[in-house]
Amino acid sequence: MNANPLLQAWNTPHQLPPFDQVQAEHFEPAFDVLFAEHLAEIDQLAALNEPASFENTAAAFDRSGLRLERAQLLLDNLTSSETSPELQEVERRMASKLAEHRSRIYMHAGFFARLDAIHAQRDNLSLNEEQGRLLDLIHRDFVRAGAKLQGPARQRYAEVVSKLAELTTAFGQNVLADESEYALPLTENDLAGLPPFLLDAARAAAEARQLPGWVITLSRSSIVPFLTFSQRRDLREQAWRAWTGRGEYPERDNRPLAKQILALRVEQAKLLGYASFADYAIANRMAGAPAAVHALMDQVWEPAKARFESEKAMLREEAAKLGEPADIQPWDWFYLAEKVRIARYALDDAEIKPYFGLENMIKAMFDVAGRLFGLSFSERHDLKLYHPDVRAWDVSREGKVIALFLGDNYARQSKRGGAWMHVYRWQSRNGGETLPIVVNNNNFAKAGHGQTLLSFDDVRTLFHEFGHGLHGMLSNVEYRLVASPNSPWDYVELPSQLMENWALVPEVLEKHARHAETGAAIPAELVAKIKAARHFNQGFETVRYAASTLIDLALHERDDADGIDIAAFETAERERLGVPPAAGMNHRPPHFGHIFSGDAYAAGYYVYMWAEVLEAEAFGAFEEAGDPFDPELADKLYRYIYSAGDAREQRAAFRAFRGRDPQAEAMLKSRGLR
Ligand SMILES: [Zn+2]
């Protein structure tokens, strides 16, 4: 047998994973070795014969486990971007083992004793700000992992964490299976209203499944346009029910899993002395406590519902004109909204898309990164990547390569839905300069022929993920564990949401939003319409988002989840909050992957809106300066936001950038809720 590539040095450019050599069967044996190796490192730090110091505890901890992390990030990325039944099996089997290993490290009594001793003297150690932060964060992670627990509580805590990892993985896999198995086949007679780009993509999806005709999938870039354009109300209803029924298909019902997850989370929070999981989770974020989140949502919920009702009245008028039923159902909303949009804002996706070719938009975002941060991108064709659609760029700043950027933009069956950024390696200087490897994933429907064209929503998604990407690429810290985008989850969406603003900057559009066939710049009146249309449908969008947020909070603020019935709870909460039935929610609990396929966004779906408050304030600074590329602000943006990682406390970092604390007003205005 050949040597396991996960245990060898990676002598590739940028020490990129040797994608062509790694097989699913390499992971489990490698993890066994790497767990032992990492544990030995920590044992050694615990057994040091010299007094504990920042350097031999916190800094040394930051340098430990690197080979394990390398393999783990590779597995994470592959199971999301290019998975296989074999990899999923590995993922399922490794989930609890990885959690157990993490527990062994973070409950290491010997090492924690030294760390705790150093932490107790932190103010006398002459640490700089980043070092103080690193020490606090590592110490906090140990405490939150149960390092201070004794006896049976300690044992039980590890069990709870491990069981949670297993259940959340299963939850996510069920949703993925529902999404990848479902296909709505269409024949010649079912195509009324569908625009060419969707027909192209639906044809390609059918071919990929070796089916005749056209296929609509549950990928957002397939299902949402279908709901928007199909004139067939019966098919829209069928597609809608499949989409919103994910996670409760009888053979893979996620509701019992969600119930167990909630009960275990309450137990976890209580073991650490918190009243609820929401208290425990939010203590770790910029918001600090659930009350701060409610204070924000209270400013949003009623205005959003009021706006939703006025939008519904518009849709009713439109329905009457079209001879459609006045009783508007959620599967009618996208369709009628598009008609209203065309009637009132004359904004037609089919008219807009030719100006937003994917290739042009990639150039646009690189251009923005160049003007704001002095970055340049040079494509590499010599790297062996994990799929032919993936592209790679060396990223330079001030004449020096600072990152490798991967772009993986198209939907495929082996990739999960949605859009996200991840890393293959974090930036660091501790123990030697380490370049970050950053990947952006999108799920655009690849054009059957010609350039893939994007809706403006897709363009925003592209810029959004690129904002996360920049956060990772620009990270400029000493220690890996505080490298961007390692930030609290209600802060980490600031760099991404902020970047969306530059997609609508006139000089960027003038240069890059060029017609795919004629090369003509996008007409000014079309841009004006895109901007005017931004407030349209914000009632619907905000209600759907806020309803999911409020249900997430309600689920996680419980101090007892044993008797919970997920379906009944969802119904009762919708009733209590007055969620309008025609709105639906962004995510219903049975497929709410944000909160149930991992713990990062649990009691944390609010983070997008929290970050939107920060984002609206931050872009407001550029608007006040009258220049979207104002050099002084761009420099502050780099220093305090994009490069700072978690090396600075976020409220202070934001204040340093903006000169004041954030207020919700700019966000409410930009959503048209004022
Ligand atoms: Zn994001």
Using alpha-carbon coordinates alone, the radius of gyration and Dmax of the chain in Å work out to 24.9, 83
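Charges at C-beta only: +1 for Lys and Arg, -1 for Asp and Glu. How large is the resulting dipole of the stretch 182-245 about its Cα centre, in Debye rounded to 20?
Details: 7 positive and 6 negative charges, 40 e Å.
Computed about the Cα centre, the dipole is about 200 debye.
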In this structure, among 339/511; 353/511; 511/531; 531/669; 353/531, pairs with alpha-carbon gaps over 20 Å are 339/511
Here the percent of antiparallel bridges among DSSP beta bridges lying wholly in the stretch 325-477, to the nearest 5, is 75
Listed by chain and number, the lysines with an alpha carbon less than 27 angstrom from that of residue 97, same-chain partners under 8 positions apart left out, are 148, 163, 259, 270, 415
Going residue by residue through the stretch 187-195, the Karplus relation 6.51 cos²θ - 1.76 cosθ + 1.60 with θ = phi - 60° gives ³J(HN,Hα) values, rounded to whole Hz and with x marking Gly or Pro, of 10, 2, 7, 9, 9, 3, x, 6, x
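What is the stretch 5-148's relative contact order, in percent, from Cα pairs under 8 angstrom and six or more apart in sequence?
For the stretch 5-148, the relative contact order is 28 percent.
I'm checking a number: the convex hull volume of the Cα atoms of the stretch 482-618, normalised per residue, in Å³. What is it?
Values: hull volume 24.2 nm³, N = 137.
Normalising the Cα hull of the stretch 482-618 by residue number yields 176 Å³.
Taking N as the number of residues in the stretch 292-428, what value does Rg over Cα atoms divided by 2.2 N^0.38 Å take? Walk me through the numbers on the way to the answer.
On the way: Rg = 22.2 Å, N = 137, 2.2 N^0.38 = 14.3 Å.
Rg over 2.2 N^0.38 Å, computed on Cα atoms: 1.56.
Could you tell me what a quarter of the Cα convex hull surface of the stretch 94-134 works out to, in nm² with one decimal place?
Numbers: hull surface 14.5 nm².
Averaging across all directions leaves 3.6 nm² for the Cα convex hull.
With a 10 Å radius around each residue's Cβ, average the other Cβ atoms per peptide and rank 189-197, 19-27, 538-546, highest first. Provide the component values of the computation, followed by the final result.
Numbers: 189-197: 15.3, 19-27: 17.1, 538-546: 22.0.
Final packing ranking: 538-546, 19-27, 189-197.
If you build the convex hull over the alpha carbons only and average its shadow over all orientations, what do you get for the stretch 182-245? Give it in nm² to one decimal.
Numbers: hull surface 14.8 nm².
Mean projected area of the Cα convex hull: 3.7 nm².
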Taking a ≥ b ≥ c as the square roots of the eigenvalues of the Cα gyration tensor, with a/c under 1.5 meaning rounded and otherwise prolate when a/b exceeds b/c and oblate if not, the stretch 354-532 is prolate
If every Lys and Arg gets +1 and every Asp and Glu gets -1 at its Cβ, then about the Cα centre the chain yields a dipole, in debye to the nearest 20, of 280
Along principal axes, largest first, the alpha-carbon spread of the stretch 7-143 in whole Å comes out as 52, 31, 26
Sorted largest first, the Cα spans of the stretch 52-107 on the principal axes come out in Å as 46, 20, 13
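Based on DSSP H runs of at least 4 residues, each adding -39500 (n - 2.57), what is the mean residue ellipticity at 222 nm of the chain after dividing by all its residues, to the nearest 500 deg cm²/dmol?
So the helix-based figure for the chain works out to -17000 deg cm²/dmol.
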With the charge dipole of the chain built from beta-carbon charges (+1 for Lys and Arg, -1 for Asp and Glu) about the Cα centre, the Cα from 291, 197, 571 projecting farthest to the positive end belongs to 291
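Quick note: the coordinates plus some simple rules give every number you see, no bench work behind them. Treat the numbers as computed from the prediction; the structure is a model and nothing was measured. No Cβ is skipped: glycine too gets one built from the backbone with ideal geometry, and neighbour counts run over all protein chains shown.
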